[in-house]
Structure formats: C-alpha cells, structure tokens
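Inspection log for the structure reproduced underneath, given as structure tokens.
The values are calculated or read from the model by the stated rules, or taken from the named source; none is laboratory data. Source: prediction; values computed, not measured. Neighbour counts are summed over all protein chains in view; Cβ atoms, including those assigned to glycine, are modelled from backbone coordinates with ideal geometry.
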Amino acid sequence: MNAHRWTLTVGLALAAAVVMKTAPALAHHSSAPFYDATKKVEAQGPVTKFLFKNPHSFLYFQAPDEKGQAVEWQIELGPAASLTRTGWTPETLKAGTIIKASGQPSRAEGSHGMCCAKITRADGSPIVAGGRVTEEQQPPR
Amino acid sequence: MKRIGLVGIAAFIAFTGAKGFLAVRAQAPAASAQIPNLAGIWDGTTRARPVNSETVPWGKDNFPVLNERALAYQKVFDEALAPKYDCQPATPPAIEYDPYSMEVVQMPDRVIFKYEKDDQVRTVWLDGRQPTVHDMSLQGFSVGRYENGALIVDTDHYYFDITGFDDYNGIPSSPLKKVHERYWREGTELKVTVTVEDEMFLRKPASYTTRWLPQRPGYKMSTWDCDPEASRAPVKMMPSKYK
C-alpha cells in the first residue's frame, strides 16, 4: 500500500484574507471548525466501511498516518439524497476496494478525517463509471 | 351503459369534492385566480438557488440585527451542541432554504408542505382554527389564508431552539418566534418571502426571498431517514470548544 501525506501552505495568506473579507462578524463557519481548508492530505488504502446515509455519508478506509502507522480515515461526503443524484448507491464502494483520496484534513487532535475530497479508484479512474473526478463540495449541514 | 358511466363519474367528483379530497397535484401554469396553484413537487437544489451557508440566505444585505442576548448566545455557542448532529429536524426559516425538494398539497381546509429534508411535514390550517397552549411543537402551529393570489402563512408556538434561526451562524430562536411566509407563483416558479420576528433575540424582523423550480416529471420524494451515527460523525473531527 502506497501512501503519503503533505501540507500545502501556498495560498494560505490569500485564503485567510478571502475568509476575513467575506465572513460576517461572529460567523460559525460550516466547515472551518471541522476541517482546515488551507491544508491538504492524501492517502490510499482499502475501504473498510461505506455509510451511505443522511444527513452525511461517510467513507472509511485504512491507510498510514503521518507516522506510518495504519489508521482508519473518515471522509465526509454529501447526504445520500444528493449522492444518489450523481449515480452513487450503497453498493458503490464495497469493503476492500482500494481508493485514493486527497482533501482537507480534520482539525481535532488525533483525528484522521477529510472533507471536500477528490476520490478515485486505485488506477485514478472515477468511482462511478462515466463520472467525473472532482473535489466533493462541502455538503450543507 | 354509457349513461351509467357518466353518472358514476359525476357522483365520484361530487363525493371527492364534497369531502375535500380533490387535492391539486400538478404544476399547472400560474393562475390569475385568488387561489394560486402551488401544488406539486418543487426543486430547491442548486438548480434553483445557491446552497445555504454562513452567508446564504442571510448575507450582508439582510443579516439579522441581533440584540445583546442573541450576541451572548452566539459567543458561547458550541457547534457540537447543534441539535442537527442528533437528527433534530430543521425548522423555518431554515428548512425552506435547504437544498432539497418539497411537495405542496392544497386542500380546501389546509395546505400541506412535505420536505424531503428531515422527512418533515407542516400543515397550514385554512379553516380558522387557532392554536391552544398544547400546540407547541418543533414546527410550530401554522394558519394560513389566500390573499391577492398568494398563500399567506403565519406560524408560532415553536420550541426554543439553540440554532432555530440559523445554524450556520449559531443564532437561536425562542417560543416567541413568529414566521410569516408569502408563497406565490411567477410563471413556472414558486416563490416565497420568509420573514421572522423574535423579540427575544432580534431587534427587528429579518427576511429573505427565494424560489423553487418545478421538479422533473415522475420525480419521487425520497425518505431522509436520518442516521444518528452519520449525523454525529463530523463532530469528532472538530476540536472541542469546552473541556
């Protein structure tokens, strides 16, 4: 299993400026408390569980953390009601399927979460046949 | 034989009409009559409008003017406390803007709003009934009337809700929350202006206007069936505000 993790710092100042300019005072942001939009993580490994549910779907897979130890990652996806519109079903990702994912890392210490992820099969092809490989939009809460 | 058939159809129409079961179910063109045709399944996804966020639908032009009590609640608000992470359904003024479909059924004595989001059903009573002290509920108690080609809905008797005005900005609502909605047709679109009063938290009423588009023919409303595990799963990704 290949895996690596990196942090992007390019654009940090610009992103912060945009957030400060557009957010209303005292705003509790939808994704900012959970995920760091200024960083990016990438991992690859076998799916352990696919929770195709509302209000959010979650994809769990096993891959090394930054120390090389195998951990279970949790990717937050859109609600089943929305994923259905793009061809996803509860059977789309079965346990053991190798996936590659990159996205915004979760903020909580010791957590291994991702949101707004770009997910492909091991060979880089789309998860849903004929689908596009794009970053998932932050689902509404 | 033919005569019997016609009599039967006439009797059926008379029966269903008298019983108030002749609900309008199709999105016919907007009527110029006093009672607009609002019935059908309406699409509130990104095809119709931007997705809700901390600046939508409450942006710089219509962000509510909060009183000191509301500001204090905002300051101590903890995202992990938001009841949506335990499958508590959204309420007005948020549920109308959630990016899902909504079905409207018009009957002589009531209008029913069925939301795909959170499997919620709101009944708007047109028969003049008034709420009692026992009619407090999550979705409140709604009464309505038709006026100048629009449906006017007034709702109160809500429970206190820590994110009952807006969850993105941590703005609560009290049992004094009053929601005023005006629904009307513009061509094929369904439009609404939602206005909220809550003297416990707002210095003055706040409102937004949005629209739905007709959902595609044959569309079936899906069940939401909120999953408790999936609902709370994001919270552990967030550093805790309080120890």
Could you list, in sequence order, all residues of region A:29-58 that are basic (Lys, Arg), part of a loop (DSSP other than H, G, I, E, B) and either without any contact (Cβ under 8 Å) to a residue 24 or more places away in the chain or more than 7 Å from every other protein chain (Cβ to nearest Cβ) (or both)?
A:LYS39, A:LYS40
Determine, yes or no, whether B:ILE112 is buried (at least 17 other Cβ atoms within 10 Å of the Cβ) and modelled with pLDDT of 95 or more.
no
On the basis of being touching a residue at least 60 places away in the same chain (Cβ under 8 Å), surrounded by 15 or more Cβ atoms within 10 Å (Cβ to Cβ) and in contact with a Lys or Arg (Cβ under 8 Å, 6 or more places away or on another chain), does B:ASP166 make the cut?
no
So which of B:GLU79, B:GLU96, B:GLU103 is of a type in the set (Asp, Glu), under 25 Å from B:PHE201 (Cβ atoms), crowded, with 18+ Cβ neighbours inside 10 Å and more than 9 Å from every other protein chain (Cβ to nearest Cβ)?
B:GLU96
Looking only at region A:38-92, count how many residues are of a type in the set (A, V, I, L, M), over 15 Å from the mean Cα position of the chain (by Cα) and buried (at least 20 other Cβ atoms within 10 Å of the Cβ).
2
Restricted to region B:36-49, and to residues that are part of a loop (DSSP other than H, G, I, E, B) and charged (D, E, K, R), which residue is farthest from the other protein chains (Cβ to nearest Cβ)?
B:ARG49
Filter region B:50-70 for residues that are more than 7 Å from chain A (Cβ to nearest Cβ), within 26 Å of B:PRO239 (Cα to Cα) and aliphatic (A, V, I, L, M) and give the result.
B:VAL56, B:ALA70
Note down all Cβ pairs under 8 Å where the first residue falls in region A:73-94 and is in a loop (DSSP other than H, G, I, E, B), the second is buried (at least 20 other Cβ atoms within 10 Å of the Cβ) and among the basic types (Lys, Arg), and they're at least six residues apart or on different chains.
A:PRO79/A:LYS53
Within region B:115-140, tally of residues that are of a type in the set (Val, Ile, Thr), in a strand (DSSP E or B) and surrounded by fewer than 22 Cβ atoms within 10 Å (Cβ to Cβ):
2
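This table checks each residue for (1) out of contact with any strand residue (DSSP E or B) (no Cβ under 9 Å at 6 or more places or on another chain); (2) polar (S, T, N, Q); (3) modelled with pLDDT under 95.
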| residue | (1), (2), (3) |
| --- | --- |
| B:GLY5 | yes, no, yes |
| B:GLN34 | no, yes, yes |
| B:ALA39 | no, no, no |
| B:PRO57 | no, no, no |
Conditions (1) more than 17 Å from B:TRP42 (Cβ to Cβ); (2) away from every other protein chain (no Cβ under 14 Å); (3) within 17 Å of the chain's Cα centre (by Cα); (4) surrounded by 21 or more Cβ atoms within 10 Å (Cβ to Cβ) -> B:VAL143 fails only (4)
Looking at this structure, is B:PHE21 at pLDDT below 95, part of a loop (DSSP other than H, G, I, E, B) and more than 19 Å from B:PHE165 (Cα to Cα)?
yes
Among the residues of region A:63-116, which ones are within 30 Å of B:LYS220 (Cβ to Cβ), among the basic types (Lys, Arg) and more than 10 Å from chain B (Cβ to nearest Cβ)?
A:LYS94
Just for region B:206-243: of the residues that are without any contact (Cβ under 8 Å) to a residue 24 or more places away in the chain and more than 8 Å from chain A (Cβ to nearest Cβ), which one is surrounded by the most Cβ atoms within 10 Å (Cβ to Cβ)?
B:THR209
Restricting attention to region B:45-94, which residues are within 16 Å of B:PHE160 (Cα to Cα) and of a type in the set (S, T, N, Q)?
B:GLN74, B:GLN88, B:THR91
Residues of region B:151-165 that turn out to be more than 22 Å from B:SER53 (Cα to Cα), in contact with a Ser or Thr (Cβ under 9 Å, 6 or more places away or on another chain) and outside any loop (DSSP other than H, G, I, E, B), as a count
5
Flag if A:LYS100 is out of contact with any Lys or Arg (no Cβ under 8 Å at 6 or more places or on another chain) and not hydroxyl-bearing (Ser, Thr, Tyr)
no
